[in-house]
1. Could you grab me the full set of residues in the range 333-354 that are at pLDDT 95 or above and either assigned to a loop (DSSP other than H, G, I, E, B) or more than 16 Å from residue 173 (Cα to Cα) (or both)?
2. Could you go through the range 88-102 and let me know if any residue there is under 23 Å from the mean Cα position of the chain (by Cα) and part of a helix (DSSP H, G or I).
3. Residue 63: free of Cβ contacts under 8 Å to residues at least 24 places away in the same chain and crowded, with 19+ Cβ neighbours inside 10 Å, yes or no?
4. Specify which of the listed residues (251, 274, 302, 311) is assigned to a loop (DSSP other than H, G, I, E, B), in contact (Cβ under 8 Å) with a residue 24 or more places away in the chain and of a type in the set (Asp, Glu).
5. Specify the residue that is nearest to residue 311 (Cα to Cα); the eligible residues are those in the range 121-170 that are without any contact (Cβ under 8 Å) to a residue 24 or more places away in the chain and not assigned by TED's automatic domain parsing to the domain that holds residue 274.
6. Can you go through 74, 86, 109 and tell me which one is modelled with pLDDT under 90, hydrophobic (A, V, I, L, M, F, W, C) and either closer than 24 Å to residue 123 by Cβ or surrounded by fewer than 22 Cβ atoms within 10 Å (Cβ to Cβ) (or both)?
7. What residue, of 160, 224, is modelled with pLDDT of 95 or more, of a type in the set (A, V, I, L, M, F, W, C) and out of contact with any Leu (no Cβ under 9 Å at 6 or more places or on another chain)?
8. For the range 251-259, check the following and say yes or no: at least one residue is over 30 Å from residue 158 (Cβ atoms) and surrounded by 14 or more Cβ atoms within 10 Å (Cβ to Cβ).
Amino acid sequence: MSTFTCTGQPANPFSEWIIDGISAIFRKKGYEYNAIPKDDTKLAFHFVDRDSPRPYRRKSQATFVVSIVESDHLPREIHKEAYPYLVRSLANHLMYVCYGKDKTQLYFLTPEQGNYSITIDTNDKDDKIFQKIYERLEPLASSQLVIDNHFYEDLPEHLWNGDAITRSLSNAGRKLDQLNLLPAPFPLEDVLSDRDIRHLKKLYGIGGLSYGNLSARQEGTRFWMSASGIDKSNMTTVGQDFLYMTGFDEEKKAMKVSVPPHIKPKRASVDAIEHWMIYKEHPQVGAIIHIHAWMNGITATEINYPCGTVELATTVANLVKNSPDPSRAVIGLKNHGLTITGLSLDDIFERIEGKIIPQVPMQ
């Protein structure tokens with residue numbers, strides 16, 4: 001049975017009503033409540049103090065943390081105001097509760113910079129809202145992360161300095177930057193203490209937050225991919241900027257990465273499992289680009305699963321499979337961005353030119 005807990009203290013009676021309602025719906029749906037958090041707790045609702053945000057100290061990657069922050073005003077720029085709380089509290093999801101005169105706005109933010117909201121009439125508490133909250137959060141909380149990396153110092157010597165494919169990835173990264181499709185990496189060191197950064201690295205191996213990624217097939221199901229937390233407009237070094245992805249260890253739920261000896265490698269993008277599934281299923285796909293942007297008239301996922309989960313990878317791979325031409329598909333990731341397949345990186349850029357909408361529509 002899945003378990004959940006609630007930590008921290010609501011500062012407002014309205015938030016007490018919200019957390020009581022959330023607790024009731026999750027119990028009704030089969031979750032067991034733990035008043036005292038356990039190491040294997042699946043879901044944690046964690047109230048955060050705006051003035052002194054502290055993270056929920058999860059012991060396992062499998063614990064999905066929803067941080068809850070209260071505000072006495074509606075924000076002018078929700079992402080700018082609320083996103084730092086998501087990072088500071090080391091959460092998988094942020095619920096930003098904003099009290100207005102006649103309405104309370106619940107904003108939900110993701111690490112991928114997605115956000116959406118639910119409006120509640122402050123004077124007419126309607127318990128039906130908790131079913132909506134459950135439907136949005138439970139699929140995310142029950143999803144399975146695949147973010148471990150297994151590094152092998154067995155990259156063939158002739159690839160230590162890259163090849164024509166890594167050079168094409170470097171050129172593609174510069175093109176994405178010229179198109180203003182590479183948001184600046186989020187400065188973790190500006191909002192996290194050294195202790196919290198060490199905790200984040202221990203749990204997830206994260207050295208930074210950057211957005212979007214790109215890859216290109218090398219041979220068979222092996223492919224080059226941009227590493228996590230890097231400036232994708234300036235990729236130069238194998239093992240640091242370019243990673244040679246050789247497969248997926250299904251038993252250990254880890255991506256396999258071949259690197260040159262005597263180099264401290266960067267971690268693979270959390271989207272590597274998704275790229276691997278697509279390359280494995282569709283031999284004709286030569287390249288994949290993921291960007292935080294949108295296009296009209298595309299097929300999209302129904303749920304905004306977190307990056308790095310089996311559920312997101314499987315959903316996107318199935319949508320690619322069911323598209324008219326899997327080798328040239330454009331798939332929307334709800335409240336997140338696009339995954340685009342192509343015969344090559346150049347093929348992708350030719351097809352999306354003039355069609356990209358920089359702002360992802362939020363639902």
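1. Selection gives 343, 344, 351.
2. Checked the range 88-102: at least one residue is under 23 Å from the mean Cα position of the chain (by Cα) and part of a helix (DSSP H, G or I).
3. In short, yes.
4. 302
5. Filtering the range 121-170 for residues that are without any contact (Cβ under 8 Å) to a residue 24 or more places away in the chain and not assigned by TED's automatic domain parsing to the domain that holds residue 274, the one nearest to residue 311 (Cα to Cα) comes out as 135.
6. 74
7. The conditions single out 160.
8. The answer is yes, given that some residue of the range 251-259 is over 30 Å from residue 158 (Cβ atoms) and surrounded by 14 or more Cβ atoms within 10 Å (Cβ to Cβ).
The values are calculated or read from the model by the stated rules, or taken from the named source; none is laboratory data. Computed from a predicted structure; not experimentally measured. Every residue, glycine as well, gets a Cβ built from its backbone with ideal geometry; the counts of neighbours run over all protein chains shown.
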